[in-house]
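K.L.:
If you scroll down you'll find the structure; I have some questions about it.
The values are calculated or read from the model by the stated rules, or taken from the named source; none is laboratory data. Source: prediction; values computed, not measured. Here Cβ is always computed from backbone atoms with ideal geometry, including for glycine, and neighbour counts include all displayed protein chains. Please note that ligands, DNA and RNA were not included when accessible areas were found on the heavy atoms of the full protein model with its side chains. Shrake-Rupley method; radii C 1.70, N 1.55, O 1.52, S 1.80 Å.
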Protein chains: 2
Amino acid sequence: MNFNIEEAVAILSRTPQTLASLLSGLPEGWLGCNEGEGTWDADEVVGHLIEGEKTNWIPRLAFILREGESKPFPAFDRYAHLSAGSRTTERKLEEFAELRARSLERLRALVDNEEWLEKTGAHPAFGKVKARELVSAWVVHDLTHLSQIVRTMALRYKTDVGPWVQYLGILNR
Amino acid sequence: MNFNIEEAVAILSRTPQTLASLLSGLPEGWLGCNEGEGTWDADEVVGHLIEGEKTNWIPRLAFILREGESKPFPAFDRYAHLSAGSRTTERKLEEFAELRARSLERLRALVDNEEWLEKTGAHPAFGKVKARELVSAWVVHDLTHLSQIVRTMALRYKTDVGPWVQYLGILNR
């Protein structure tokens, strides 16, 4: 096990600024490109991260700490952001940063003792989970979506790189 | 073809700040983790990006514009950073940002007319390449290494996420 709460927060607290550094002010060609029908562009990924702050991570953590395994926590709608109304990417980045800061305050308040991280709850699909597995998944969820954005942008230049395609692993998955 | 020079520069100019936002001040557990024997941690990736600024991208572009296909440009040592002496990750991030800013100034000076991007040179391994393919590869090279850092950090929590492993694509490549 590698998890510890300080190191987890070190990633979670950096994600908004990392996304803003990568995406803020980028031309629409980058913000609006995706990997094909049914896949998300960078703007949609930020929308999905916003929904996660609102309805997934902290609400689920609070639910586990409150209810234990007595009832499963509600399923998370992974497509909620697709009907969440339009805002600019810039505004979404700001909103995500505000929500994440608030989430981390709540995390500190909920987990004022590391023993809370060993509490268990009931995931609606795969049953018994620990609070610290949820927090670990939150960290990896940030990283998986950052990776998705970066991969999507790289693929936009798949033809443009010419023969270099063979040296650039990200283009050959 | 999706390439245009302004959009390429939009990515290239953001990479140093994106890396700093992600990595600056991170605990050693994150900066020093890798994907196993012979793979690079985040600190080593930044070292590799520094070497690229010094000896790969702009030097090769200048070589193509000067020499055309008359002689192949020198091979790039992809492992040079492993013997480049030790500095802190923080110092490397600063050095990369300085070098990248200088590279982009040189790019502007070298490509003062977009026609230059159609010039061809001779890659030592795969022959004829265009200047704009080199610049495209530079962009994707940034993204591939950002992706590598993010994937490496995610894998550190592969066990920690418990049953969520099945939902987190980055852990299942």
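K.L.:
Go through A:8-16, B:122-130 and give me the packing order, highest mean Cβ count within 10 Å leading. Display every interim value, and only then the final one.
P.N.:
Numbers: A:8-16: 19.6, B:122-130: 15.2.
The peptides rank, most packed first, as A:8-16, B:122-130.
K.L.:
Mind checking which aspartates and glutamates have their C-alpha under 18 Å from A:Lys71, skipping anything on the same chain fewer than 8 residues away?
P.N.:
A:Glu118, A:Glu133
K.L.:
How far, in degrees from 0 to 90, does helix B:42-55 lean away from the longest principal axis of the Cα atoms of chain B, to the nearest 10?
P.N.:
Helix B:42-55 sits at roughly 10 degrees to that axis.
K.L.:
Another question, if that's okay. Work out the mean other chain Cβ neighbour count within 10 Å for the residues of B:148-156 and drop it here as an integer.
P.N.:
Mean partner-chain Cβ count within 10 Å for B:148-156: 6.
K.L.:
On the principal axes of its Cα set, how long, how wide and how thick is the range A:19-173? Give whole Å, largest value first.
P.N.:
56, 32, 27
K.L.:
Counting alpha carbon pairs within less than 8 Å and at least 6 residues apart, what relative contact order, in whole percent, applies to chain B?
P.N.:
Reported relative contact order: 29 percent.
K.L.:
Here's another thing I want to ask about it. Just report the Cα centroid separation between the range A:143-157 and the range B:43-74, whole Å.
P.N.:
Cα centres, the range A:143-157 to the range B:43-74: 24 Å.
K.L.:
Rg and Dmax of the range A:100-170, using alpha carbons, in Å: what are they?
P.N.:
19.0, 54
K.L.:
Turning to a different aspect of this structure: On each of the three principal axes of the Cα atoms of the protein assembly as shown, give max minus min coordinate, whole Å, ordered largest first.
P.N.:
Result for the protein assembly as shown: principal-axis Cα extents of 74, 45, 29 Å.
K.L.:
Continuing with this model, one more query. Rounded, prolate or oblate: which fits the range B:1-83, taking a ≥ b ≥ c as square roots of the Cα gyration tensor eigenvalues, rounded meaning a/c under 1.5, else prolate when a/b beats b/c?
P.N.:
In terms of gyration-tensor shape, oblate.
K.L.:
Considering every residue in B:130-143, what mean count of other chain Cβ atoms within 10 Å of its Cβ is obtained?
P.N.:
For peptide B:130-143, the averaged partner shielding equals 6.
K.L.:
Let me confirm one metric for peptide B:3-16, namely the mean number of other chain beta-carbon atoms within 10 Å of its residues' beta-carbons.
P.N.:
Working: counts 5, 3, 0, 2, 7, 2, 0, 5, 9, 0, 1, 8, 2, 1.
Counting Cβ atoms of other protein chains within 10 Å of each residue's Cβ and averaging gives 3.
K.L.:
Relative to the longest principal axis of the C-alpha atoms of chain A, give the angle of the C-alpha long axis of helix A:131-155, reported between 0 and 90° and rounded to the nearest 10°.
P.N.:
With rounding to tens, the tilt is 10 degrees.
K.L.:
Total accessible area buried between chains B and A, 1.4 Å probe, in Å² to the nearest 100?
P.N.:
Using a 1.4 Å probe, the pair buries roughly 4900 Å².
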